[in-house]
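The block underneath contains the structure these notes are about, expressed in C-alpha cells.
The values are calculated or read from the model by the stated rules, or taken from the named source; none is laboratory data. None of these values were measured; they are calculated from a predicted model. Virtual Cβ from ideal backbone geometry, glycine too; neighbours counted across all protein chains shown. Ligands, DNA and RNA are stripped out before the accessible areas are found, and what is left, the full protein with its side chains, is counted by its heavy atoms. Shrake-Rupley method; radii C 1.70, N 1.55, O 1.52, S 1.80 Å.
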Protein chains: 4
Amino acid sequence: MDARPEDKNAGMPYPQEVLEIAEAVRNWARWGVDDERGTVNFITDDVVRHAVRSVRSGRRFSLAFPLQLDGLQTGAIRGRVNPLRTMVAINANRNGDRDTFCTSDDVVTMGLQAATHWDGLCHASYRGVVYGGRPESTVSEWGAAECGIEKIGFLTSRGVLLDIARLKGVDRLPPAYAITAADLDAAARHQRVEIRSGDIVLVRTGAMAAARRGDLPAYFGPIDPATGLPQASGIGLSCAVWFHRHEIAAVATDNITFEVFPWDPSVPGAILPMHCLHLVEMGLTQGQNWDLEALAADCHEDGQYDFLLEASPQPFVGGLGSPVNPVAIK
Amino acid sequence: MDARPEDKNAGMPYPQEVLEIAEAVRNWARWGVDDERGTVNFITDDVVRHAVRSVRSGRRFSLAFPLQLDGLQTGAIRGRVNPLRTMVAINANRNGDRDTFCTSDDVVTMGLQAATHWDGLCHASYRGVVYGGRPESTVSEWGAAECGIEKIGFLTSRGVLLDIARLKGVDRLPPAYAITAADLDAAARHQRVEIRSGDIVLVRTGAMAAARRGDLPAYFGPIDPATGLPQASGIGLSCAVWFHRHEIAAVATDNITFEVFPWDPSVPGAILPMHCLHLVEMGLTQGQNWDLEALAADCHEDGQYDFLLEASPQPFVGGLGSPVNPVAIK
Amino acid sequence: MDARPEDKNAGMPYPQEVLEIAEAVRNWARWGVDDERGTVNFITDDVVRHAVRSVRSGRRFSLAFPLQLDGLQTGAIRGRVNPLRTMVAINANRNGDRDTFCTSDDVVTMGLQAATHWDGLCHASYRGVVYGGRPESTVSEWGAAECGIEKIGFLTSRGVLLDIARLKGVDRLPPAYAITAADLDAAARHQRVEIRSGDIVLVRTGAMAAARRGDLPAYFGPIDPATGLPQASGIGLSCAVWFHRHEIAAVATDNITFEVFPWDPSVPGAILPMHCLHLVEMGLTQGQNWDLEALAADCHEDGQYDFLLEASPQPFVGGLGSPVNPVAIK
Amino acid sequence: MDARPEDKNAGMPYPQEVLEIAEAVRNWARWGVDDERGTVNFITDDVVRHAVRSVRSGRRFSLAFPLQLDGLQTGAIRGRVNPLRTMVAINANRNGDRDTFCTSDDVVTMGLQAATHWDGLCHASYRGVVYGGRPESTVSEWGAAECGIEKIGFLTSRGVLLDIARLKGVDRLPPAYAITAADLDAAARHQRVEIRSGDIVLVRTGAMAAARRGDLPAYFGPIDPATGLPQASGIGLSCAVWFHRHEIAAVATDNITFEVFPWDPSVPGAILPMHCLHLVEMGLTQGQNWDLEALAADCHEDGQYDFLLEASPQPFVGGLGSPVNPVAIK
C-alpha cells in the first residue's frame, strides 16, 4: 500500500558504543551555531590552493555512473526513481523555414539520490534531530529549511582514493565486510599518501564493476537469508573517529549503502549508524554510487593516489541531496 | 493547443552572410568523422595542466542560479519547466525506533535547459542536419543517439571572463545589442588577458542581476512592439569566426538566449543563427543563464580574469543539455 | 525560497459561528468510526437506480477543462503544476519493419488538484485533525494512510445543477459574493427541481467562461487591493448546513476556490472555513474547476436540471485528490 | 543505451490474411474524412438512452487497478512508468493559525498507458499512417495533432462482458491462446446476451487475478524460451471482423497486451496486428489492464452480463491514451 512504506529493516536501538562515538565526533558548535555546511568548512582557500598542486598530467576522470532509465535503482528504495528523460521538442522549428534554427529540448524526472550523488546533511535524522541539533521538523514537504544541499556551495578540494579492495588483494571486498580505521591507515600507508585536513576521501570497495556490467543484484550484494537484506561491504564504525581526527571534508564510496550493511559485526542490529554519526553529528557530507574503477586502475599504475577533485553539488534549494559528476584531475 | 506549438518567431531564411560563415567555421571532419565532442577536443591534458596555474588564492565562485520552482522560466519556452522538487521520504524510519536512522529523500522534475545549463551539440539543427552533418533524425523521442551531452565528458579548462558590459561602462548592455568580435578583442586587451586554445570563454552582458532580483521580464529583455519578442543583448554574428580562430572549447553567457535576440542588425530577420553556427557547424558547446556577477566583481577588483573552470555536464545519456554548477577557482 | 512556502493569507481564528456549524454538521460517527468515505455513503444502490431515471434523451456533457500545459494554474498555488505531457515513444517500431506495428506512448506530470478535480477528504485539516477526528499525521509524505481518494470508489449519482448566476440574472456572480442557503433553495425552486438524499450538487458561479477564453486572472477574480488576494464568488457559510440537511453526497463548483474567497462577509478574516466544515467535519467530497457552461445552457433550454452524473475519481492510492472527467447524462 | 530502444520483438511482415482483413474493416471515410473518433461514433444518444435500461439494482463495479508505485509495469515497456505520487503540501498552514485551514496536495508522474487505460487512436501506426490514413507525422513530440484522446469525449454506453475464461471452464485462458470470433459468439449465446451497435465489449481472459496477488510475471504470461517473450492469451485475428460487423464502439481486456501475444497461431510472426486493425483501420478504441474479476463473478451469479458502462477518458489534449476508472452499473 503506497501510503505507508513498510518497515523492512527491523533492527535494534543503537548500542552504547555508537552513542559514545556520537559524543566524540559531534561538531555542532564547531563553526558557529548557525553553520549549515559542516565539515566542508575544512576546505579553505589554502586547502584548495594546495589541492591544485596534485595536478601533474592534466588527465581527468569522471566518477559518475551514466544517468539513464536503466540506472542503479531497482525499486527497493521507494521513490528513488531512475532518471526518466523525455523530449519536449525534437528538431522543432518555430520559424516556418527548416533551413533556419530548429531545436530539441528535454525534461527529466529522477530521484536526487538515485545515481552518483551526495547526501545533503539533512538526508538523515535520529533522536529527533538533524545536523547542529536542529529539530527534525527542519525537513518538511518543501525540503530542508536549513542545511539544504545548496548551502554546501563547493566541494572542490584535494581528493584521496583509499583503495581498500586492492589493499586486501581482492576485486571486491567480501559481503558485509566492515571497513575499519586500521584499513584506512593501512591503505594510506601502502599507497604512500598523507591525509590532510580538508581532503575528500574516496573509499573503494570494488562493488561498481557489478553495476557497470548491469548486474544490480550483485551490486547491492547477496541477500542474507536470515534477514532478507542485501549484504554490502562498506564503511564500518571505527571510521567515524578516523574521519573526525583527520578533518576530512567529505567521504564517498562506490556502493549503494555507503556504510557496511545491514550492520557492522561489532554492533549487530544497529542499522545505518554511520549516516547518523556523519550527517547528523559531524556534518560530514557523504557520497554514494561513485564509479572509482578507472581512477583506481590509474592510481595503481602511476602510484599517485591524490588529485584535484571537483564535485560541487547542483544547487537544489532545500535539497536533501544532489546528483553529481565528480571529476578527478591528476 | 498542446499538440502543435505555434510559430511565434516568424523570420526569414538565413542570408548569404550567415551561410558563408558556416562554411568558414565548419569543423565536421576536424576530429574524425565519428567525433561526438566538437571543440571540447581542444581541451587536452596540456591545456588542463596549464589551466590549474591560473589558481592563485584558492577562492571559488559558483556560477549557477539556484535550482528552485521560482526559477528562470516563465512558460514562454514550452516544456522548459522550472525544477519541481518533491519529497518521497521525510524523516522516515524503517526500523520502529526513531532513535535510530530516519531518512529524507527527494525527487525532481525539470527541464534540462531550464536553469544554468550547457546546450548539447544536438540541441540545434538546421538544413536537416546536426553536428558533423548527421541527419536530424539522430534526435528522436529517446534523445540524441549520437553527440548526447554525456559524450562531452569533461568541461574542465582555463576559463576567461570577457566582461563586455564593463568594457562599455554600463551595468548591462542595451537591449538587442550584438556583441562583436571587436568587442571580444577589446575586452581581452583591456583586461590584459591572452586567449589560448582550449579556453572556455564566459561573456558577460549584465543581464543576470535582473534575474537575481526576481524580475524575469527584465531578465529576458524589453518587448519589441514591432515583433512582440523580447530584445536581448548577446553574442553577435562576427563572434563565431573569433571563437573559431581562437580555438575556444566552449562559450557561456549570462542571459537566456545566448546570442543577440531577436537578431543581429547586420542580418535582420535571421533568428538564432549562432546556435546553428556554433552547435551544428563548429560543435561548440554553449552555456546559458550563467551567473557571472560575483565573479565579474572579483575579477574587476583583482584584475585577474582567468581561472580554473570546472563545469562538466551531468552525464544524461542521449541528453540534449544538462544543468551545471560551474565552479571558477581563482 | 523553496523550502518554506510563505504565509500569504494572513487571517484570523475561526469565529464562534464557524465552530457552531462544525458541531452541527459533524458526521464522524455517522457511518462507523472506521468510515473513510463520508457523505458518499448517501449514494446507495437505490439512489443510483433512481438516478438513471433522470436520463431522457441520452445526451452527454463533459464537465472537464482540457488537460494541457496551458491549464488553470498560474503558479500562485505552489506545486500545483499544470499537466506536462511528454512522449516516450513516437511511432516506434520494435520489429524492423515499419509496415507492422509502430507505437506512440506518453507520460504526464501534473498536480492532482491542478485541473477539474475532486478534493480527497484529507485535502484539508484543522485543529490537528482530518475527517473522522483522525490525527493530521494520517497524511504523510506518502499520502493519506486513511481516507485516500481511492476509498471513495464511486461518485455516480443523480446530479443537480443549481445555476446561481442565472438565478441572479448575471453571467457571473460578483467578486467575493457568498452564495447562501437561501440562494440554493431559490435556485431549486426556480428550476423546479427537488433535492434528494445522495444527490451530487453542482453550483454555477459563471467563472469558467473566463478560463475558457484564456483569461486566468479574471477566472481567479479581481485582486483586492486591501489584501492582495483575488476575490472569488463561491459557496458561503450557510450552505454547509443546507448540504447537511439535504444529505448531499458531494458538491462541485465552476471556480478555483470552491468557496467564497477570501472570506464570507459574515465571518471576515475566516479563510476557507468551508473546506474544514465539508472535508473535515462532514466528510463531504468537494469538486473544483468544473466546466458547467454548456450543461447550464442546455438545462436552461430544456428546463431539466437533473441528470445522471458519473464522476468517479481515479483510484490514486493514498491520493489527496484526483483529476476527473465528470460526465452528465440527460 | 537510452537513446535507442532496442529491437526486442523480431517478427515478420504482416501476411496477406492480415492485409485482407484491413481492407474489410477499414472505416476511414465512414464518418467523414475529418473524423477523429472512429467507432465511438456508434454511441448515439439513442444508444445511451437504451444503455441505461441495463441498470436494475444500482450496484456499481470499478474496473480499475489501483494507481500506485507498485503498479502493473515492470520496466519491460520502456518509459511506461508506474504512478509516482508525491506530496507538495502536507497539512500546510498559510495562515499562522493551525486551528484554521491547513492543506495537503499531491503531484503525479505516470505513463498514460501504465495502468487501466484506453489507447488513443494514434497509439498505433503502421505502413506510415494512423487512423483515417493520416500520415504518422500526425504524432510528434507534442502528441497527436489530430485524434488525440481528448477528441473521444465520451465512452458511455451499454457494456457487455464476454467471459471467455468461464466459457472455457478455466480460471484463466492458456498462454498464447487466441480468442476467436466463434468464442465471442459462443460466450454471447451462453450468457444469453445480444450484442448491439454501440456496445462496449469487455473480454475476460482471467489474467488480472495474478496482478491482484502481486505476481506480475504471471500476469504478463510465461516466457516462451524460443522467443524470450511472454505468452499472453488475448484477442485473436478473427475478432476484428466480428467487432466490425457488430458495430462495437470500444473493446477492453483484462490483460497487458490486449491481443494474443506474441502472435495468433494462424499468422505466426505477425506482431500486434490487432492494434493496427483496430486503431489504424477501424478507429476502434482499445482498453487494457481492466480488472473484470468482481464484475465477472457478479454477472455469473445473477446472469446479467450487460450494464451501463461509464469509462470516458481524461481529456489529455493530444494524448495517446488515458488512465480510466471504468464504472459498470448494473
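Residues with amide H under 5 Å of A:Leu162's amide H, sequence separation 5 or more or different chain, H placed in the peptide plane at 1.01 Å from N; which?
A:Leu202, A:Val203, A:Arg204
Assigning unit charges at the beta carbon (Lys, Arg +1; Asp, Glu -1) and nothing else, what dipole magnitude in debye, to the nearest 20, does the protein assembly as shown show about its Cα centre?
About 0 debye.
Please go through region D:120-176 and write out the chymotrypsin sites (Phe, Trp or Tyr not before Pro) that DSSP classes as loop and that have at most 11 other C-beta atoms within 10 Å.
Hits after loop and neighbour filter: nothing returned.
Return the residues of region C:140-161 for which accessible area with all protein chains present is lower than in the chain on its own by 50 Å² or more; set the probe to 1.4 Å and exclude ligands, DNA and RNA.
Buried by 50 Å² or more upon assembly, which counts only protein chains, are C:Glu141, C:Trp142, C:Ala145, C:Phe154.
Compute for chains C and D the buried accessible surface, both sides summed, probe 1.4 Å, and express it in Å² to the nearest 100.
Chains C and D together bury roughly 7700 Å² of accessible area.
Name the longest site-free stretch of chain D, where the excluded sites are GluC sites (Glu not before Pro) in a DSSP loop with no more than 12 other beta-carbon atoms within 10 Å.
Counting at most 12 other Cβ atoms within 10 Å as exposed, the longest clean stretch of chain D is D:7-193.
Using only the alpha carbons of the protein assembly as shown, what is the convex hull's orientation-averaged projected area in square nanometres?
Hull-based average projected area comes out at 47.5 nm².
Axis carrying D onto A: which residue of D has the nearest Cβ, and how far, whole Å?
Residue of D nearest the axis onto A, distance in Å: D:Thr109, 3.
Of all accessible surface on the protein assembly as shown at a 1.4 Å probe, what whole percent is carbon and sulfur?
Answer for the protein assembly as shown is 53 percent, counting heavy atoms of protein chains only.
Could you calculate the FRET efficiency of D:Ser266 with B:Ala297 from 1/(1 + (r/R0)^6), where r is the beta carbon distance between them and R0 is 60 Å, rounded to 0.05?
0.20
Could you run the Karplus curve 6.51 cos²θ - 1.76 cosθ + 1.60 with θ = phi - 60° over region B:155-160 and give me ³J(HN,Hα) per residue in whole Hz, x for Gly and Pro?
Taking θ as phi minus 60°, the curve returns 10, 10, 6, 6, x, 10 Hz for region B:155-160.
Might you report the magnitude of the Cβ-based charge dipole of chain C about its Cα centre, with Lys and Arg at +1 and Asp and Glu at -1, to the nearest 20 debye?
Charge dipole of chain C: 500 debye, to the nearest 20.
What's the FRET efficiency of B:Arg30 with A:Glu247 using the Cβ-Cβ distance as r and R₀ = 60 Å, to the nearest 0.05?
That gives a FRET efficiency of 0.80.
Using a ≥ b ≥ c from the Cα gyration tensor of region C:1-140 (square roots of the eigenvalues), is it rounded, prolate or oblate, where a/c under 1.5 gives rounded and otherwise the larger of a/b and b/c decides, a/b for prolate?
It comes out oblate by the Cα gyration axes.
List the pairs from A:Lys168/B:Lys151; A:Lys151/B:Lys330; A:Lys330/B:Lys330; C:Lys151/D:Lys330; B:Lys151/B:Lys330; C:Lys151/D:Lys168 whose alpha-carbon separation is above 25 Å, in the order I gave them.
Listed pairs above 25 Å: A:Lys168/B:Lys151; B:Lys151/B:Lys330; C:Lys151/D:Lys168.
Is the shape of chain D best called rounded, prolate or oblate, per the rule: a/c under 1.5 gives rounded, else a/b larger than b/c gives prolate, else oblate, with a ≥ b ≥ c the square roots of the Cα gyration tensor eigenvalues?
In terms of gyration-tensor shape, rounded.
Quote the convex hull volume per residue of region A:72-149, based on C-alpha atoms, as a whole number of Å³.
Taking only Cα atoms, region A:72-149 has a hull volume of 145 Å³ per residue.
Which residues does the label zone of D:Glu17 cover in region D:168-190, counting backbone N under 14 Å from a point 7 Å along Cα→Cβ?
Residues passing the 14 Å test: D:178-182.
Given axes a ≥ b ≥ c from the Cα gyration tensor, I'd like to know whether region B:47-109 is rounded (a/c under 1.5), prolate (a/b larger than b/c) or oblate.
oblate
Work out the length of the dipole vector of region C:47-164 about its Cα centre, built from +1 on the beta-carbon of each Lys and Arg and -1 on the beta-carbon of each Asp and Glu, and round it to the nearest 20 debye.
640
Quick one: with label points 7 Å out along Cα→Cβ, list the inter-copy distances for D:Arg213 in nm, shortest first?
Going from nearest to farthest copy, the values are 3.6, 6.0, 6.8 nm.
Between copies, how close do the B:Val170 label points come, placed 7 Å along Cα→Cβ, listed in nm from shortest?
Nearest to farthest, the other copies are at 4.9, 6.6, 7.8 nm.
³J(HN,Hα) across region B:321-330 via Karplus (A = 6.51, B = -1.76, C = 1.60, θ = phi - 60°), whole Hz, x for Gly/Pro?
Whole-Hz 3J(HN,Hα) from phi for region B:321-330: x, 7, x, 8, 10, x, 10, 9, 10, 9.
Averaged across the residues of D:267-276, what count of C-beta atoms belonging to other chains lies within 10 Å of each residue's C-beta?
Taking all residues of D:267-276 together, the mean is 3.
Taking the Cα centroid of region C:246-320 and of region A:243-281, what is the distance between the two, rounded to the nearest whole Å?
One Cα centre to the other: 52 Å.
What is the calculated FRET efficiency for B:Arg53 to A:Ile223, with r their C-beta to C-beta distance and R₀ = 51 Å, to the nearest 0.05?
The calculated FRET efficiency here is 0.50.
Given label points at 7 Å from Cα along Cα→Cβ, what nm distances, shortest first, separate D:Asp34 from the same residue in every other copy?
5.3, 5.6, 6.5
Pop out the ³J(HN,Hα) list for region D:133-149 in order, Karplus 6.51 cos²θ - 1.76 cosθ + 1.60 with θ = phi - 60°, rounded to Hz; leave Gly and Pro as x.
x, 5, x, 4, 5, 3, 9, 10, 4, 9, x, 8, 5, 10, 6, x, 4
Per residue, how much accessible area does the protein assembly as shown have with a 1.4 Å probe, in Å²?
Per-residue value: 31 Å².
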